[in-house]
Amino acid sequence: MTTVRIPAGWPATEERALAVQDELRGRVVLDEPGPPPGTGRVTGVDVAYDDERDVVVAAAVVLDAATLDVVAEATAVGRVPFPYVPGLLAFREIPAVLAALEALPCAPGLVVCDGYGLAHPRRFGLASHLGVLTGLPTIGVAKNPFVFAYQEPGTSRGSASPLLAGEEEVGRALRTQDGIKPVFVSVGHRVTLETACAHTLHLAPRFRLPETTRHADALCRRALRATDVAGDGH
DNA sequence: GCGACAG
DNA sequence: ATCTTGTCGC
C-alpha cells in the first residue's frame with residue numbers, strides 16, 4: 001500500500017475549492033464517444049475513511065472488460081485532506097484516488113467513480129475532476145440521487161430515465177437489475193452518456209452496482225481495517 | 001429563513 | 001462515509 005501525497009496548493013477552504021472547480025470545469029471534454037464497452041480494461045476506484053484516526057484509504061481495481069476478471073489492484077493510505085461537504089466530495093477523495101491509480105502496474109483504461117460527474121450543482125463532480133486531472137476517460141455511478149429530479153425508470157434491467165437540470169439531461173437513472181433501485185450514471189470526462197450507461201450495464205450483469213465499484217469498495221475497506229492499530233506494525 | 005444534500 | 005445483529009431469501 002503506497003502513501004498519499006497531497007498535491008501542492010490543494011484547497012483547504014470551501015471558498016478555494018469552489019474557485020478550483022470554476023477554474024477546471026472548462027477543461028472537461030464531452031465530445032469523445034469513449035472506449036467501447038466490453039473491450040480493454042476498466043478500473044473501479046473507491047475510498048474508505050476512519051475520521052477518528054484521520055485515515056483515508058483508496059483502492060483502484062483493474063478489470064478485464066470482457067471477462068470482468070481482476071487483472072491488477074493497488075491501494076493508498078493518507079490523512080483526510082478535506083471535510084465532507086456536499087458538492088465538494090472530490091476534494092476529500094481525489095488525492096488518495098490519484099495515489100492508488102499511480103501505484104497500478106498497468107494503464108487503467110476507463111475509470112468508474114463512486115459519485116457524480118456532470119450531474120453536479122456546478123457540473124463538475126468527482127468523476128469530472130478526476131478525469132481532468134488524469135486525462136483518463138471517466139464516468140460516475142452513484143447509489144443515490146443528488147440534487148436532480150427524475151422519473152422512475154421502467155421496472156426491467158436496462159430501463160433508464162433522464163436526470164434533469166431544467167431541460168438539460170445531466171445524467172440518467174439506470175436500472176441495472178429487474179425491480180431493483182436504479183443507479184445514477186453521469187459522464188465524467190471523454191465519454192458520452194450513452195457509452196457511460198452501456199458500460200454500467202455491462203459491468204453489472206448480476207448485482208445492482210458495477211463489479212468495478214464492488215471490488216474497489218471491498219478492497220479499500222479491507223485495507224482500512226488492516227490499518228487498525230497492529231495492522232502493519234507502525 | 002429552513003431543509004435537503006454524491007461519499 | 002460510518003455506527004451495527006440478526007434475518008429473510010436465493
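Read the figures in this text as sums done on the coordinates, not as results from a lab. Small disclaimer: the values here were computed from a predicted structure and weren't measured. All Cβ positions, glycine included, derive from the backbone under ideal geometry; neighbour counts span all protein chains shown.
The long axis of helix A:14-24 is offset from the longest Cα principal axis of chain A by roughly 60 degrees. Taking a Cβ cut-off of under 11 Å around A:Asp217, the surrounding Lys, Arg, Asp and Glu residues balance to a net charge of +1, with basic ones at +1 and acidic ones at -1. Rounded to the nearest 10 degrees, the angle from helix A:193-203 to the longest Cα principal axis of chain A is 70 degrees. Between the helical axis of A:211-225 and the longest alpha-carbon principal axis of chain A there is an angle of about 20 degrees. Under 12 Å from a label point set 7 Å out along the Cα-to-Cβ vector of A:Thr3, the amide N atoms of region A:70-106 belong to A:77-79. With each label modelled as a point 7 angstrom along the Cα→C-beta vector, the A:Val147-A:Val29 pair spans 2.8 nm. May I ask for the percentage of alpha-carbon pairs in chain A that lie more than 26 Å from each other? Pairs farther apart than 26 Å: 33 percent.
How much length, in nm to one decimal, is gained on full extension between A:Arg122 and A:Asp22, taken as 0.36 nm per residue of separation minus their Cα-Cα distance?
So the extension gain works out to 35.2 nm.
At an R0 of 22 angstrom, the distance between the Cβ atoms of A:Asp228 and A:Asp64 translates into a FRET efficiency of 0.10.
Think of each Lys and Arg Cβ as +1 and each Asp and Glu Cβ as -1; about the Cα centre, that makes the dipole of chain A roughly 220 debye. Between region A:1-62 and region A:148-175, the alpha-carbon centres lie 25 Å apart.
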